[in-house]
Amino acid sequence: MKAVVHDTFGGPLEVRDVPDPTCPSDGVVIAVGATGVCRSDWHAWKGHDPVDLPHVPGHELAGTVAEVGADVTRWQVGDRVTVPFVCGCGRCELCLSGEAQVCPDQTQPGFTGPGSFAEQVAINAADANLVALPDAVGFVTAASLGCRFATAFRAVVAHGRLQSGQVLAVHGCGGVGLSAVMIGAALGAEVVAVDVSPAALARARELGATHLVDASSDPDPAATIRETTGGGAHVSLDALGSSATAVASVESLRRRGRHVQVGLLLGDAATPPLPMGRVVAHELELYGSHGMAAHEYPAMLALVEDGTLRPDLLVGCVIGLDGAGAALAAMDHPTTTAGMTVVEIGR
């Protein structure tokens, strides 16, 4: 089969012939229909995340089951599916309780093994990890759910418990942030978007944000949010991942509000100086959010199927496998408003 491969970190990304994947006894091989190009793939290519070399990137995928392992009971060849970017083992206490997104023995296509920048990819523990796609949801749209949209959905709905009429603040309007803006607006919330880029804020407005805060010129975005919304946000997301945005997200909450940390906090930002006095006095809730387990996808997919959610609007361009390497390398100079790139296999 053909796949995008790199032999060194930051080195050439080449389309070449590689062996077909071996089907796990508890898993499947998926003929990839489409796969997203994500900044997480860029981090692995650059060597920021440990992967074995040579390596095939890609983790936001949708396609058709091409081969089924002997121990699989729920799936058959020809099924249209997608998968979470975190695949649980399907056997541990956490997986059995529905929390596969934090499985200690998780696998991730494109990180723990070869990914979906390929004509085929193997997925472990298929009965626990595969998600059936409605006929109305195409592979490009399903791939755009990837990690950013599904992660935003669970952050807003499961952790944030956002209700119609409440206030959602989104700090950072990149892929996850813009997804959260769309989801919050679709749920009937009053959405406040915070970013340093006027173009990103304009895009947030197009997707349903009712208030915009330019953090490049506003010395205290949290205070502005509290004043603009008459007390602060019921739910606030740090969708960027920095000390400043994490602290601002907590400080922008009203009493009994809920902060959800979605953006990864790395390096010096790993331990932000959160205002724990405010957390205690206002009885705030703090959550981390790491993807979404397969069993939670149907609720999101139902909203995609009926048009309530339009993740396809976040897709900037669709390319073939031959262009995947260049698209990944272009993330050396990312742009917020270009939209997500999706690779359609066979295009």
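The values are calculated or read from the model by the stated rules, or taken from the named source; none is laboratory data. It should be emphasised that the depicted structure is a prediction, and the values quoted were computed from it without experimental measurement. Cβ: placed from backbone, ideal geometry, glycine included. Neighbour counts: every protein chain shown. These accessible areas exclude ligands, DNA and RNA; they are computed on the full protein's heavy atoms, side chains included. Shrake-Rupley method; radii C 1.70, N 1.55, O 1.52, S 1.80 Å.
Electrostatic tally near ASP127: other residues with Cβ closer than 13 Å to its Cβ, Lys and Arg +1, Asp and Glu -1, net -1.
How charged is the neighbourhood of SER197? Take every other residue with its Cβ under 12 Å from the Cβ of SER197, and add Lys/Arg as +1 and Asp/Glu as -1. That works out to -1. Largest GNM mean-square fluctuation across GLY307, GLY288, GLY113, computed for the chain with C-alpha springs under 10 Å, falls on GLY307. Across the chain, Cα pairs under 8 Å and at least six residues apart give a relative contact order of 19 percent. Accessible surface calculations at 1.4 Å, restricted to protein heavy atoms, place segment 115-262 at 31 Å² per residue. Here the calculated FRET efficiency for SER25 and ALA270, from their Cβ-Cβ distance with R0 = 41 Å, stands at 0.60, rounded to the nearest 0.05. Largest GNM mean-square fluctuation across GLY316, GLY208, GLY36, computed for the chain with C-alpha springs under 10 Å, falls on GLY316. Taking every protein chain into account, the accessible area of segment 277-326 amounts to 46 square angstrom per residue (probe 1.4 Å). The trypsin sites (Lys or Arg not before Pro) of segment 150-234 meeting both criteria, a DSSP state outside H, G, I, E and B (loop) and at most 15 other C-beta atoms within 10 angstrom of the site's C-beta, are ARG161. As a fraction of the 1.4 Å probe accessible area of the chain, surface on carbon and sulfur atoms comes out at 53 percent.
At the residue level, GLU190 shows approximately 60 square angstrom of accessible surface with a 1.4 angstrom probe and all protein chains present. The solvent-accessible area of ASP71, taken with every protein chain present and a 1.4 Å probe, is close to 100 Å². Residues of segment 171-203 falling in the label zone of SER216, defined by backbone nitrogen less than 12 Å from a point 7 Å along Cα to beta-carbon, are 195-202. Run through the DSSP bridge list for the chain and note the antiparallel percent, rounded to the nearest 5. Expressed as a percentage, antiparallel bridges in the chain total about 50.
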